[in-house]
Each structure stands twice: as C-alpha cells, then as structure tokens.
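Comments concern the structure below.
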Amino acid sequence: MPMQLTRRDLAKVAGAGAFGVAAPAGAQPSEGALPQRESAREFPNGFLWGTATAAYQIEGAVNADGRGPSIWDTFAHIPGKTHNNDTGDVANDHYHRYRDDIKSMKALGMAAYRFSIAWPRVFPQGTGAPNPQGLDFYSRLIDELIANGIAPFATLYHWDLPQAQQDRGGWEARDTAQAFADYAGFVADKLGDRVKRFFTLNECAAFVELGHGSGVHAPGLQLPPGRLNQARHHVLLAHGLAVQAIRARSRAGTQVGPAENISVALPAIETAEHIRAAELATRELNAPYLTAVLEGRYLDSFLANAGAGAPKVAAQDMQAIGSPVDFVGINIYGPAAYVRAADGEAGFASLPMPAKFPMMNSSWLRIAPEALYWGPRNLAKVWNVKDIYITENGCSATDAPAADGIVHDTDRIMFLRNYLTQLQRATAEGVPVRGYFHWSLMDNFEWADGYGTRFGLLHVDYATQKRTPKLSAEFYREVAAKNRVA
Ligand code: BGC
C-alpha cells in the first residue's frame, strides 16, 4: 500500500518538533554553551578537492596549431543558436593563459583538476593522421599541473565532436563509436604516463538529448525516437569501446570510468518505503545511459517503451557497453524527481514539481542539496559502486561585481554549503566518494546560454580576460584547506 500522508499526519510531525524531538518546556538558549563539533563535518582523509572545466568552454584559440572545427564551432556561428550569438572562438583564452589559470588553482589549494581534451585538436578530421601540436598542448598543461602538485583528471569527450566526424554521420553512425575509441586509445598511450584517471564521455544524457532530441545544443538535430535511440546506443558503445581501448593501450594503474549526469531520485520523505522507491527509480530513470553502462543491458521497461524504435544492438555490443569501470563519475546539479512509494510494477511514483521550486540562475537549476547525498548513496547502494567522484557540481548565481569590484556571491556560498553538507553526510555514512570537482574553476562559455550565465569561482571579465576570485572562491578554499564544510 502506498503511504498516504494526510494534513493530520503533517500536523503530528510538526507537533513533535522539526526533528521529532520535542524541546523541553522552558528551555532557554544559553550563551557559549554550544559544543565545537567541527570534526563532525569533516570529509575522509585524502578526499580530493578540485575544479572542473571543458575544452570548448574555456580554451578559445579555435584555429591554433592545426585544430579542426567541431560541431560547436559550427553551431555557435549559426545566428540565434546561442544567447547573444556568443561563440567559443576566444572564450577564456585558456589555451594561452593556462599557466596563470593553474596558478589560480594552486592559490585555491586544489589537489586535482578535471579538464577535457578536444578531440578535434588531436584528430582534426576525427580519424586519420593525429596532430602532434594539438596533443602537445595537453602535454604541457599536464606537466604544469603536476609541477604545481595538482593531479590531472582528463575527460576525453566534452561535446566537441570533430565537424568532419559529424559530416560522416556523427553519433548516428556506428563508425563514430570506433573512431572515438581509437582516439581514446591514442591519447591514453601518449598521455597515460602522467594522467592516471580518464573519463570517457561527459554527460551522454545531456549531449544526446539536447543535441539530437530538442536540438538546442550542437549539432542541433531533432531526431525521431528510433533514430535518437540508435544515436544513444552508439554513444554508449563509444564509451564501452573506449574503456577497452584505454585498457589495451595504457600503463598499469591507469583508471577509467564515465562522467555521467545521473538522474537523481530523491525520496520525498526519508522513510524506508520511500527510500526503497528512490532506489527503484534510480535504475529506471537512468535506464537509457548509466543503468545500461553499469548493468551491461537495457532494462525491459526501457525496451518496451521504445517499442519499434528500440536500438539495433549487434552481438557483443552490450558486453562492450558493460565493460567493468574503475570508478563512476557523476555530475549533480538539481534533482530529476522527488519520488514516493506506489503500488504497481514500478514501485514508485514521481511527484510533480511545484512551479515555484527554489532555483538558481539557470532556467533548469532547481536547488535540492540532498541530491548530493542521495545521488552517490543510491549509486553505491543500487550498483555496489566502490569508487565515486563528483565530477561536477556548482551553480549559476548572481555574479555581478559590487562597487568594490568583488563578486559577493553569497547565493553560491549558500548553494555550496548546503550541497557539501549533504555530501559530507554521505561520506560520513561510508558512501565511497573519493573527490569533488566544483563546476567551474571560472566563468566560461555556458553553451546555448553563452557568456550570460556564470558558474565560476573566479569571475571573468571577457573584455580584458581578467580573473577575479569571487567570495565563493574564498569559501571553497577554506573547505579544501580544512577538509570540512566551512
Ligand atoms: C556540463 C557543463 C555545463 C554545466 C552547467 C554540465 O551539464 O557538463 O559543460 O557548463 O553542466 O550547465
């Protein structure tokens, strides 16, 4: 039976005090009597604090040193596709300023950095002859990181497909999966002496749906369901073949895993039956991507829903897709759904989200700090994942410099303090989260939202390329230095 909460139940809960414990009659706050329980908020020893970025969002230098065009160069140059017709042509000019940007990471006390390698810098045509100068940029970046005591975590695909590969069918073509695996194996061979952890593709669920379903991201396609499912399948296959290629061509100790935006199911109320519902929902809501990768199969419910539009799956595909990974990276911003227990086969029901749910500055970013508890907790519980990284979390905030030139982004600090408190709750319970990468180091090209939306700890003045730490940078530096929520 689903639990029906009535107004009377709610009144009962309220009557018991916020945490179910009634305050003793006549209790008064006493000055200075609060215990200092700082250690209660600590993260495990060795927890990695880092920041994350992506190539097209920060590098600029789109024609430098033999780089080929990507689908994002093409898309951003079509009038009306991005806010203000912004493009990544110059972006943060990180290609030329990476040394200073690494200094900023060091000043923040970062132990790790997640960046992405632009496939069209390394293989300008997607396949064929590699471009040594393109690879060399990443080699120099990695050397500089290591010289500054920052561990490099490399993502192999953060949405910038070589345009030449798109012209050969892009993710609709099965060959693209193999082309990606070849590129991934090549990079692991060349950079795996210094990069110990690779992520395959960033957020398949986002770039497939937004780029091939709604068409609001590159390459701007609106595919019918059957073709969309086939593109999804090729993307999963690309992940699996890349895992295999990296294992075949890298040195011992190199680790590989996905960086996926897990759909986080939150129990509307934290009781055993709703928690169970959230676990069931986790498998179902992630069926097109993470569930397929972690189980090596499509769920029956997913295939039944797809009907005649189900992907065509060749022999060995699912085995490749389910290749064992060393860790799972998850990007978490808002919740996918609040759920409750329900009768019926699925065992859960997604609740409607109120229109006035608290939001940050992006039209999609609902504030639900407990997502950073339930996301990793359910990942560990449902699939028994032993090593988890939060590969992205952060928010767009107000971000306007005050008269003193400082961005007093107390809204971002509010967001981070609450999300990190929930992450700490997870690690304290033994959920195996090994590190956290804040999105993003600095404001950058926010895809279709152009430069109008800012996610950085460093404010970027795009006219001068001046980076100025926001108040949240100070907050995050404290968190990293003390290894606890500041
Ligand atoms: C993406 C980033 C993006 C961020 C904020 C993530 O989905 O991986 O590239 O900038 O969210 O929208």
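Give me the percent relative contact order of the chain, please, defined on Cα pairs under 8 angstrom at least 6 residues apart. Numbers along the way, then the final one.
Working: 981 pairs, mean separation 82.7, N = 486.
Relative contact order of the chain: 17 percent.
If one computes the Cα centroid of segment 423-486 and of segment 288-349, what distance in Å separates the two points?
Segment 423-486 and segment 288-349 have Cα centres spaced 30 Å from each other.
I'd like to verify something in the chain: which complete DSSP H helices, judged by Cα projection on the helix axis, reach 20 Å or more and average at least 1.6 on the Kyte-Doolittle scale? It would help to have the intermediate numbers written out before the result.
On the way: long enough: 132-147 (22 Å, 0.15); 175-191 (24 Å, 0.14); 225-249 (36 Å, -0.14); 410-428 (26 Å, -0.35).
Helices passing the filter in the chain: none found.
Antiparallel DSSP bridges in segment 48-482: what percent, to the nearest 5?
Looking only at bridges with both residues in segment 48-482, the antiparallel portion is about 20 percent.
Note down the nm distance, to one decimal, between modelled labels 7 Å out along Cα→Cβ at Leu351 and at Gln319.
4.5 nm
Would you tally the net charge around Ala205, using a Cβ to Cβ cut-off of less than 11 Å, leaving Ala205 out, and scoring K and R as +1, D and E as -1? Provide the component values of the computation, followed by the final result.
Numbers: positive: Arg232; negative: Glu203, Glu209, Glu260.
Surrounding charge for Ala205 is -2.
Taking the dipole about the Cα centre of segment 48-482, with the C-beta of Lys and Arg at +1 and of Asp and Glu at -1, give me whichever of Ala371, Gly253, Tyr113 is farthest to the positive side.
Gly253
If packing is taken as the mean number of other Cβ atoms within 10 Å per residue, what is the order of 349-357, 232-240, 471-479, 150-158, highest first? Before the final figure, lay out the partial values.
Details: 349-357: 10.9, 232-240: 25.7, 471-479: 20.3, 150-158: 23.4.
Per-residue mean Cβ counts within 10 Å order the peptides as 232-240, 150-158, 471-479, 349-357.
List every residue whose amide H lies under 5 Å from the amide H of Thr155, counting only residues 5 or more places away in sequence or on a different chain, with H placed 1.01 Å from N in the peptide plane.
The list, which skips near neighbours in sequence, is Phe115, Ser116, Ile117, Phe199.
Does segment 149-189 classify as rounded, prolate or oblate by the C-alpha gyration tensor (a ≥ b ≥ c root eigenvalues; a/c under 1.5 gives rounded; else a/b over b/c gives prolate, otherwise oblate)?
On the way: a/c = 3.41, a/b = 2.09, b/c = 1.63.
Here segment 149-189 falls in the prolate category.
Given +1 on the Cβ of Lys and Arg, -1 on the Cβ of Asp and Glu, and no further charges, what dipole in debye does segment 413-486 carry about its Cα centre, rounded to the nearest 20?
Using only the charged Cβ atoms, the result is roughly 300 debye.
Can you work out the Karplus-derived ³J(HN,Hα) for every residue in segment 347-354? Use 6.51 cos²θ - 1.76 cosθ + 1.60 with θ = phi - 60°, whole Hz, and x for glycine or proline.
x, 8, 10, 7, 8, x, 8, x
Distance from a point 7 Å along Cα→Cβ of Ser139 to each backbone N in segment 75-103: keep the residues under 20 Å and list them by number.
What the label zone holds, given the 20 Å backbone N cut-off, is 95-99.
Could you tally the net charge around Pro376, taking each other residue with its Cβ under 12 Å from the Cβ of Pro376, Lys/Arg +1 and Asp/Glu -1? Mind dumping the intermediate values first?
On the way: positive: Arg377, Lys381, Lys386, Arg425, Arg434; negative: Glu370, Asp387, Glu429.
Taking every other residue near Pro376 into account, the sum is +2.
Where a ≥ b ≥ c are the square roots of the eigenvalues of the C-alpha gyration tensor, would you call segment 128-179 rounded, which needs a/c under 1.5, or, failing that, prolate if a/b is larger than b/c, or oblate?
prolate
Shape of segment 48-482 from its Cα gyration tensor (a ≥ b ≥ c, root eigenvalues): rounded if a/c is under 1.5, otherwise prolate when a/b > b/c, or oblate?
In terms of gyration-tensor shape, rounded.
Across segment 391-408, in residue order, what do the Karplus-derived ³J(HN,Hα) couplings come to in whole Hz, using 6.51 cos²θ - 1.76 cosθ + 1.60 with θ = phi - 60° and x for Gly and Pro?
Coupling constants for segment 391-408: 7, 7, 6, x, 7, 8, 10, 5, 6, 9, x, 7, 4, 7, x, 8, 8, 8 Hz.
Return the long-range amide H neighbours of Lys470 (sequence gap of 5 or more, or a different chain), with a cut-off of under 5 Å between placed amide H atoms.
Leu458, His459
Which length gain, in nm to one decimal place, applies between Thr464 and Asp343 when the Cα-Cα distance is subtracted from 0.36 nm times their residue separation? Let's see the in-between values first.
Numbers: separation 121, 0.36 × 121 = 43.56 nm, distance 5.87 nm.
Extending this stretch completely gives an extra 37.7 nm.
Rounded to the nearest 20 debye, what is the charge dipole size of the chain about its Cα centre when +1 sits on each Lys and Arg Cβ and -1 on each Asp and Glu Cβ? Walk me through the numbers on the way to the answer.
Numbers: 46 positive and 49 negative charges, 163 e Å.
Dipole magnitude for the chain comes out near 780 debye.
Laboratory data are not the source of any read-out in this text; all were calculated from the coordinates shown. Model, not experiment: these values are computed from the prediction. Counting neighbours? That spans all protein chains shown, and the Cβs are built from the backbone with ideal geometry, glycine included.
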